[in-house]
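Below: the structure, in structure tokens.
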Amino acid sequence: MAEAERITGTPETGPDSEPRSAAVPATGGNAEGTASRERRPDDEGRAEGASGEAGASAAESPAKGRGKRRIGTLFLVAAVVYLLDLGSKALVVAKLEHHAPIEVIGSLLRLEVIRNRGAAFSIGEALTIFLTIIAAIVIVVIIRIARKLYSLPWGIALGLLLGGAFGNLTDRIFRTPGVFEGAVVDFIAPTHFAVFNLADSAIVCGGVLIVILSFRGLDPDGTVHKD
């Protein structure tokens, strides 16, 4: 009997036999429905949050790769230049003005107080107010660049420019003959050359350094480009 049932495919019945459940193949619709039922709103929120954090990390990674900002370097160099310029001018005005020049290196270099209403090295004495406005604009531009400053050499160069510009601008605002028309105190007098001060020297050194950095392809944000 059992052999006949096996041949005909009739399932065995009896006390020892158990009903077999038919295997139902999972259709695409059922699978998608199950997946959609199992996906909860909080899972979607976590997924979106993770993707947002990944995007933010990717956006911040270039800035982290450039290192730390160099705003402190810029303002430290500017402060040192400004204080040295201010102190040296106060000293030479008190000790040297209306006195005979002091020879430092024979006749090659002397200390002699000159009141200069022009730009660096006594250039443009008839444009005092215009030069004052230019100095103020330069200071504003440097401060704006400082927000994206990651390069140490650029921090030093811009600090030299900022300190020198502030030094001469202080003279133009507070010295005679009047506000924005004040004469800058110059006292370093090489032979056969214009008389200048420490602020002028800082401005020239900062400008030369910026030219060198630009030729080398180094930008203030720390990136290097090749033309």
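Every read-out reported here was derived from the displayed coordinates using simple, explicitly stated rules and does not represent laboratory data. Computed from a predicted model, the values in this text were never measured in an experiment. Please note: Cβ atoms are built from the backbone with ideal geometry, for glycine as well, and neighbour counts cover all protein chains shown.
Local charge for PRO101 was computed over the other residues whose Cβ lies under 13 Å away, with Lys and Arg +1 and Asp and Glu -1, and equals -2. As a calculated quantity, the FRET efficiency between LYS68 and VAL141 at R0 = 25 Å, using C-beta atoms, amounts to about 0.65.
A crude spin-label estimate for the pair GLU103 and VAL80, with each label 7 Å from Cα along the Cβ direction, gives 3.4 nm. Here the scattering of region 171-226 is modelled by Debye summation over its C-alpha atoms, one equal scatterer each and no solvent; at q = 0.22 Å⁻¹ the log10 of I(q)/I(0) is -0.85.
At the listed q of 0.23 Å⁻¹, the Debye profile of region 124-226, built from one uniform point per Cα, gives log10 I(q)/I(0) equal to -1.18. With θ taken as phi - 60° and the Karplus curve 6.51 cos²θ - 1.76 cosθ + 1.60 applied, the whole-hertz 3J(HN,Hα) list for region 179-189 is 4, 6, 10, x, 8, 6, 7, 10, 8, 8, 10 Hz, x standing for glycine and proline.
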